[in-house]
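Here's a structure for you.
The values are calculated or read from the model by the stated rules, or taken from the named source; none is laboratory data. Just so we're clear, the structure is a prediction, and the values are computed from it rather than from any experiment. Note: ideal-geometry Cβ built from the backbone for every residue, glycine included; neighbour counts use all protein chains shown. Side chains are part of the model used for accessible areas, which takes the heavy atoms of the whole protein and leaves out ligands, DNA and RNA. Shrake-Rupley method; radii C 1.70, N 1.55, O 1.52, S 1.80 Å.
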Amino acid sequence: MNSGLNWAVFFQPVVDGEPLLWYQTLISGLYFTLALSLVAGLIAFVVGSLIGVFRTTSSKKLVFIGNAYVEIFRNIPLIVQFFLWYFVVPEFIPPLKEWSIKQDPTLVQFVASVVCLGLFTASRVAEQVKSGIQSLSRGQRAAGYALGLTEFQTYRYVLLPMAYRIIVPPLTSEAMNLIKNSSVALTIGLTELTFQTKEMGEDTFRFIEVYIVATVIYATVAMTVNRIMVYVEKKTSVPGYISGGK
């Protein structure tokens with residue numbers, strides 16, 4: 001390994017004679033990391049909310065489905081799930097396999113990563129939603145029914161609006177975990193930030209500089225998300241619940 005730090009390596013071309021520089025590859029990787037985290041986060045929030053509601057309804061069938069979903073996705077290692085979605089699932093769905101063969105590999109890797117990370121994180125969000133709903137007094141549900149609301153309407157207008165405000169703090173942790181877990185996508189070839197960092201380190205042998213920069217980037221993104229969520233938390237906090245205002 002070369003002695004000393006050489007930050008100029010980031011401004012060197014990836015391949016001699018080509019205009020693409022190493023720092024540009026890291027920016028490209030950051031783009032995929034952010035895009036993957038954002039889209040997977042939306043899937044996780046929607047699916048996780050649905051599964052969380054299932055686990056608190058009066059229907060035993062829905063409770064079973066919700067519990068089964070959480071147990072399956074939380075007890076299979078994330079890296080194994082990435083391999084399953086990318087290599088195994090298409091083999092059992094011919095139209096999907098045919099589509100993946102015709103598409104750019106990067107698109108297929110991105111879609112598989114979004115689905116995998118989104119559904120995995122949804123199992124964790126479901127736990128938070130369930131806890132938020134169960135932390136509410138039974139009187140709120142009863143009040144909704146007393147007003148003539150259906151169970152769906154009671155969740156829509158009474159329980160979920162309150163539950164979401166209560167679980168903002170734990171959702172902050174899930175959002176940050178989502179960003180960190182996106183790095184596992186490198187195992188199926190997606191050129192996100194960790195993948196590009198690894199490639200640059202192996203090609204330039206400047207592992208110290210490369211991983212210092214990658215660490216700073218990840219920390220900056222995570223801290224930015226944290227600050228945004230803290231702001232949301234302060235604006236939506238409910239007095240008497242978790243970190244609610246006094």
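Which of Leu147, Leu20, Leu159 moves most in a GNM of the chain, Cα contacts under 10 Å?
Leu147
Then there is this: With a ≥ b ≥ c the root eigenvalues of the C-alpha gyration tensor of the range 124-169, is it rounded (a/c under 1.5), prolate (a/b larger than b/c) or oblate? Let's see the in-between values first.
Values: a/c = 2.47, a/b = 2.06, b/c = 1.20.
Taking the square roots of the gyration eigenvalues as a ≥ b ≥ c, the range 124-169 is prolate.
Need the list of lysines near Lys61 for cross-linking: C-alpha distance under 19 angstrom, and skip anything on the same chain fewer than eight residues off.
Of all the lysines, those that pass the test against Lys61 - Cα under 19 Å, at least 8 places apart if same chain - are Lys130.
Now for a different question. May I ask you to rank Val70, Val111, Val89 by accessible area, largest first, using a 1.4 Å probe over the protein chains only?
The most accessible residue leads, giving Val111, Val89, Val70.
Where the centroid of each part is defined by its Cα atoms, how far is the range 85-101 from the range 142-190 in Å?
30 Å
Continuing with the same structure: Keeping all protein chains in place and using 1.4 angstrom, which order do Leu62, Leu117, Leu50 fall into by accessible surface area, from largest down? All intermediate terms of the calculation are to be shown ahead of the outcome.
Values: Leu62 55, Leu117 0, Leu50 90 Å².
The most accessible residue leads, giving Leu50, Leu62, Leu117.
I've got another one for you. For Leu96, what accessible surface area do you get with a 1.4 Å probe? Give it in Å², rounded to 10.
Spelled out: Leu96, probe radius 1.4 Å, area about 60 Å².
What ranking do 214-220, 28-34 get when scored by the average of other Cβ atoms within 10 Å per residue, highest first? Could you put the intermediate results ahead of the total?
Details: 214-220: 14.3, 28-34: 18.9.
Ranked from most to least packed, the peptides come out as 28-34, 214-220.
Scan around Leu21 for amide H atoms under 5 Å from its own, H built in the peptide plane at 1.01 Å from N, and keep only partners 5 or more places away or cross-chain.
Val14
When the chain is modelled as a GNM with alpha-carbon springs shorter than 10 Å, which of Val108, Val129, Val88 fluctuates the most?
Sorting by GNM fluctuation, first place goes to Val88.
Right, something else. Could you name the lysines in cross-link range of Lys198, using Cα to Cα under 27 Å and dropping any fewer than eight places away on the same chain?
List returned: Lys180.
Could you tell me the accessible area of Arg124 in Å² (1.4 Å probe, neighbours in place), rounded to the nearest ten?
Ignoring ligands and nucleic acids, Arg124 comes out at about 80 Å².
So, one more: Given the alpha-carbon gyration tensor of the range 182-239, what are the semi-axes of its equivalent ellipsoid in whole angstrom, ordered largest first, with each equal to the square root of 5 times an eigenvalue? Don't jump to the answer; show the numbers that get you there.
Values: eigenvalues 216, 37, 6 Å².
Output for the range 182-239: semi-axes of 33, 14, 5 Å.
While we're looking at this one, here's another question. Quick one: how many Å² of Thr57 are accessible to a 1.4 Å probe, rounded to 10?
Thr57 has an accessible surface of roughly 20 Å² with all protein chains in place.
With no solvent and one point on each alpha carbon, what is the Debye value of log10 I(q)/I(0) for the chain at q = 0.09, 0.18 Å⁻¹?
-0.51, -1.30
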